[in-house]
Amino acid sequence: MATKYAQAYWTRRPDELFAALGSGNSGLSQAEAERQLAIRQRQQGRRPDWLTDLMLLFRQFKSPLVLLLVLAVLLSLALGDYTNSLIIFSILFLSSLLGFWQERHAGRAVRRLQAMVRIQTSVRRDGVLRSVRLEEIVPGDVVFLNAGSIVPGDGLLLWEKDVHVNEAALTGESFPVEKDGVPVAADTPLGRRGNVLYQGTSVMSGEAEMLVVCTGDETELGRIAARLSQNRETTAFQHGINRFGFLLMRLTFILSTGLLLFNLFLGRPAVESALFAIALAVGLTPELLPAIVVATLSAGADRLVKAKVIVKELEAIQNLGAVDILCSDKTGTLTTGEVRVHSACGLDRQQNAEVLQMAYLNAAFESGFNNPMDVAIRQLPGMTTDGYTKFDEVPYDFTRKRLSIVVAQNGRRLMITKGALRNVLDVCKQVQLPGGATAPLEAHRAEIESFFEQQSQSGLRTIGIAVKEVTDDPVINMDDEQAMCFLGFLFLHDPPKAGASRAIAELNQLGVAVKVITGDNRMAAAHLAAAVGLDPARMVTGEQLERMDDLALAHLAVEQHVFAEIEPFQKERIVKAMRRSGHVVGYMGDGINDAAALKAADVGISVDTAVDVAKDAADLVLLEKDLDVLHAGILEGRKTYLNTLKYIFITTSANFGNMLSLAGVSLLIPFLPLLPKQILFLNFLSDIPALFIASDRVDSELMRKPQKWNIRLIRNFMVVFGLQSSVFDYLTFGLLLCIFKVGETAFQTAWFTESVLTEVFILMIIRTRRPFFQSQPSLLLMGSGIFIVLLTLSVPYWAPSAWFNFQPLPWYILGSMLGIAVAYGLVSELLKRRFYQQMM
């Protein structure tokens, strides 16, 4: 129904669209909305849970290497090798089940967390205003919006009150657009349709009701696929994973292709050689890495909930652990957030009741977004709006930094303007003197500036109040903000939090530099910086920043502690400059003007009391706006990263060593050192303990600095410990072939046993940088490791072991394999210490 009327709906009257959409001023009925929502979900192909699980299971086979192995096995099956083919299929399926189980469990945990911070919007259903999730809005809904709201669909403006909308995500226009509800022609460009609101845009000021006409793919954003989330830059975590993947792809291709060609050159069967080469490639690939990463991250997300941090994007946990610069506004983070009115003064610096009354009227009648300053003014005792009515409003914007309210009393209309002092002085020509007389502003400007600086240096925020009579002006707009009379000062106080300096010091000890980005004047910002332990001399202002090019800013931004008098668009520029300098940046904000910076940061952090647009842009949502909460989140992020790195270290080094040994010895002996099914079974058994890495402990000393992806470290670790593994493998080969003189089956059984044992032992050693006996693994990790060791030692003696071409080993061979594994573990412990001494 919506599609039929989506074309040029901005030319139609509301009653036409109401009739077409089966709606009205009271909105849709709840039953009709649910019916439309069900239809849309079916059209969008929303799958039931069982089908989603099935698709997740199939996705475990998406790796090209696994698919290639499946094709090779099918070829082997066609040639009559039924037993081996079924065994390989079984191992692949069990490995996929491990990954499926981990991802399914983690995915459900993440959905529960995301449900805690879903954005809600106010909609009329059955004539009653109720709160529903953004994704539940359907065509025909009548939605109420105010400052900070995200527009949930494209639609017609029914009524508005001083509405300004940020349409940057759609049009690229950086300044808010005023909406007036006036119908326009069909060919009016998108950016000039004053009676239309678009999905994905956000309300900056005022309030309105809209009739939703289009949702989802039918909206302007849906059609051009231009949602903000798709434009986000690659984060530190994504970049690290990509580089690691490319490293493994190159290594896998070189080893497996070379081995296949050598085996074919030696005249070995083509199918068997292909199966062996592909199995080798699969064995080298950490196929459980996606499942391990998701499981580790979801476990971290569960723990973060206890630390009062809700995770919207899983990868943000590891990015949080890598953060070395944290940018934050001061209000509520470094200060108490409880703004209080300190005083209201006239030019004589004495308390002035008229200044206080005008400030109160301005704040009380404002219809824009709530802010702590206006809340504090409205709570002043003994103040009232009796006798006054609101006539009009010129909403606050971040360019003018002023808000004007026109009040009417006894037929007289007065414009009251409140805002940043210098911005208010810019529109004044007169100043009110004690006693009520006026004088030219310029004669007293130096006196005003001196008082302003004095109060700012004591930590007070200064607001200017100006008035102008507009009784004969029928239309009020920002052009009326001129030739005003400066009335006086309003001083506000937001004291530093008691633990702010301690929290900043603790973050510094973790290697995280805290940067304050504020719109407040430089003197107030300097006062706060000194109070919380930051160097006030290391400050840059918005005016200075405006004169810098991006290269200069990238260098300077890292060195400065405080950014004062900053415009909203400059916040994003500062964050991007820090990232260009190679830093991982977290940005903490909760306001309308923070959304762009939240998107630009590696980790966007908001709070549950933030406006919708800020929560939507953030990756993490804090249940308390407190640096101590963030401190706990950073530690959890580092723990998650380090546990993920354990799997990468252990798997790549052990697999690389085994594959080097397989590749080398296969060229020297007349049989395959391990059959393809044995390689896959080895990989499957060694991955089982890795599933419990997410529960493992982390060395406390490793949590003291940011943890970033280091491909050089991973590559060197893989080569050093892989070569060490190969040395012990060739020691095993020499013992088996030259001393024990075993045959093909005994060789494969013995080496399989030694390989599994060494992978479990190296897991227990490499999981910590301390001596292994000084760091106790988690019970789950230790228990699973012991289970796999016992299982491996017993496998050759089971009746089904013949399926894998295993045979029982004499006690002296089995004891030798166990002894080599123990020696391997001890050497690994010594090598580990030397490796980290040279690399760190």
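The values are calculated or read from the model by the stated rules, or taken from the named source; none is laboratory data. Given the structure is predicted, the values throughout are model-derived calculations rather than measurements. With ideal geometry, Cβ positions are generated from the backbone for all residues, glycine too; neighbour counts draw on all protein chains shown. SASA here: full protein model, heavy atoms, side chains in, ligands and nucleic acids out. Shrake-Rupley method; radii C 1.70, N 1.55, O 1.52, S 1.80 Å.
Need one number: nm distance between label points at V475 and L264, each 7 Å from Cα along Cα→Cβ, rounded to one decimal.
8.0 nm
Got the relative contact order for the stretch 299-443 handy, in percent, Cα pairs under 8 Å and 6 or more residues apart?
With pairs under 8 Å counted, the relative contact order is 15 percent.
Can you give the accessible area of R125, probe radius 1.4 Å, in Å² rounded to 10?
Rounded to the nearest 10, the figure is 10 Å².
Once you order the gyration tensor axes a ≥ b ≥ c over the Cα atoms, which shape class does the stretch 788-831 get: rounded for a/c under 1.5, otherwise prolate or oblate by comparing a/b with b/c?
Taking the square roots of the gyration eigenvalues as a ≥ b ≥ c, the stretch 788-831 is prolate.
For all pairs of alpha-carbon atoms in the stretch 307-453, what percent lies in each bin of width 5 Å, listed from the first bin to the last filled one?
Per 5 Å bin, starting at 0, the Cα pair percentages come out as 2, 7, 13, 17, 18, 14, 9, 6, 5, 4, 3, 2, 0.
Count charges around A277 for me, please; just the other residues with Cβ under 15 Å from its Cβ, Lys/Arg as +1, Asp/Glu as -1.
+1
Give me the one-decimal nm value for the distance between modelled label points at H555 and L818, 7 Å along each residue's Cα-to-Cβ direction.
6.5 nm
Shape call for the stretch 327-381 from the C-alpha gyration tensor, a ≥ b ≥ c root eigenvalues: rounded (a/c under 1.5), prolate (a/b greater than b/c) or oblate?
oblate
For K625, enumerate residues with amide H under 5 Å from its amide H, sequence gap 5+ or separate chain, H modeled in the peptide plane.
Residues meeting the amide H criterion: none.
What lysines sit close enough to K308 to cross-link, taking a C-alpha to C-alpha distance under 29 Å and skipping anything fewer than 8 places away on the same chain?
K330, K497, K515, K571, K576, K599, K615, K625, K639, K646, K705, K708
Calculate, for the stretch 688-743, the solvent-accessible area per residue in square angstrom, rolling a 1.4 angstrom probe over the heavy atoms of the protein chains.
For the stretch 688-743, the per-residue accessible area is 45 Å².
Measuring from a point 7 Å past the Cα of T389 along Cα-to-C-beta, which residues in the stretch 145-169 have an amide N at less than 20 Å?
The answer is 160-162, whose backbone nitrogens lie closer than 20 Å to the label point.
Below 8 Å, C-alpha to C-alpha, sequence gap of six or more: please give me the relative contact order for the stretch 745-822 in percent.
Worked out over the stretch 745-822, it gives 53 percent.
Give me the accessible area of W798, 1.4 Å probe, in Å² rounded to the nearest 10.
Its accessible surface works out to 130 Å², give or take rounding.
Please work out how much accessible surface Y836 shows to a 1.4 Å probe, ignoring ligands, DNA and RNA, in Å² rounded to 10.
Approximately 20 Å² of Y836 is accessible to the 1.4 Å probe.
Provide the convex hull volume over Cα atoms per residue for the stretch 457-542, in Å³.
In the stretch 457-542, the Cα convex hull volume per residue is 141 Å³.
Please give the charge dipole size of the stretch 623-769, origin at the Cα centre, charges +1 on K and R Cβ atoms and -1 on D and E Cβ atoms. Round to the nearest 20 debye.
In total the dipole reaches around 360 debye.
Under 1.5 on a/c is rounded, so check that first for the stretch 708-811, then, if it is not, pick prolate when a/b is larger than b/c and oblate when it is not; a ≥ b ≥ c are the square roots of the alpha carbon gyration tensor eigenvalues.
oblate
Write down the Å³ per residue value for the convex hull defined by the alpha carbon atoms of the stretch 550-652.
Spelled out: Cα convex hull of the stretch 550-652, divided by residues, is 126 Å³.
When the accessible area of the stretch 765-820 is computed with all protein chains present and a 1.4 Å probe, what percentage of it is carbon and sulfur?
On the stretch 765-820, the fraction of accessible area on carbon and sulfur atoms equals 74 percent.
Would you kindly derive the ³J(HN,Hα) couplings of the stretch 125-130 from the backbone phi angles with the Karplus curve 6.51 cos²θ - 1.76 cosθ + 1.60 (θ = phi - 60°), listing them in order in whole Hz, with x for Gly and Pro?
These are the phi-based 3J(HN,Hα) values: 10, 6, x, 10, 6, 9 Hz.
Roughly to the nearest percent, how much of the accessible area of the stretch 644-725 is carbon and sulfur, given a 1.4 Å probe?
Answer for the stretch 644-725 is 64 percent, counting heavy atoms of protein chains only.
Can you sort F772, F787, F649 by solvent-accessible area, 1.4 Å probe, largest first?
F787, F772, F649
In nm, what is the difference between 0.36 nm times the number of residues separating V184 and R770 and their Cα-Cα distance?
203.8 nm is the gain from fully extending V184 to R770.
Keeping all protein chains in place, calculate the accessible area per residue for the stretch 463-604 (probe 1.4 angstrom), answer in Å².
Per-residue value: 36 Å².
With θ set to phi - 60°, apply the Karplus curve 6.51 cos²θ - 1.76 cosθ + 1.60 along the stretch 180-194 and write out the HN-Hα couplings as whole Hz, x wherever there is a Gly or Pro.
With the stated coefficients, the stretch 180-194 comes to 10, x, 7, x, 10, 6, 4, 8, 5, x, 3, x, 10, 8, x Hz.
Please compute the per residue accessible area over the stretch 365-450 with all protein chains in place, 1.4 Å probe, rounded to a whole number of Å².
With the other protein chains kept in place, the stretch 365-450 gives 46 Å² per residue.
Could you please put K330, K390, K161 in sequence from largest to smallest accessible area, using a 1.4 Å probe?
Greatest to least solvent exposure: K161, K390, K330.
Near R130, within a Cβ-to-Cβ distance under 12 Å, what is the net charge of the other residues, with Lys and Arg +1 and Asp and Glu -1?
0
Over the alpha-carbon set of the stretch 506-551, work out the extent along each principal axis and list the three values in angstrom, largest first.
Per principal axis, max minus min of the Cα coordinates gives 34, 26, 16 Å.
Once both labels are modelled 7 Å past Cα along the beta-carbon direction, what's the Q30-F569 spacing in nm?
For the pair Q30/F569, the computed spacing is 4.6 nm.
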